[in-house]
1. Applying 1/(1 + (r/R0)^6) with R0 = 30 Å to the Cβ-Cβ distance of residue 78 and residue 23, what FRET efficiency is obtained, to the nearest 0.05?
2. Whose amide H sits under 5 Å from the amide H of residue 17, counting only residues 5 or more places off or on another chain, with H placed in the peptide plane?
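Read the figures in this text as sums done on the coordinates, not as results from a lab. What you are looking at is a predicted structure, and each value in this text was computed from that prediction instead of being measured. All Cβ positions, glycine included, derive from the backbone under ideal geometry; neighbour counts span all protein chains shown.
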Amino acid sequence: MRARAKHDLPSSQGPQRLPGGPLPPRSSLDRGTRSATTTPEMEALRRRVWQQQGVVSLRLEDITDPWLRQAIQNEAVRRWGPRQQETTNGR
């Protein structure tokens, strides 16, 4: 049995790579490379999208006026269908 070289990775760390070989492909879908988006980052994103594209992103929980909140929810349901709710098994 030969000794393990530095470039040999255990199978739990992904496929083995030959020295000088290409790096494994990267993907924007790799969720392990970025931390969760913070509240201030989301607010900055919402602001930028509104200013640049005219798209509004609101959390229903943040709208304090009950009539306005219901009107926005009704429009969203009309356009995109009802939200998926967590199943609570009748509790």
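1. The calculated FRET efficiency here is 0.05.
2. Distant-sequence amide H within range of residue 17: 9.
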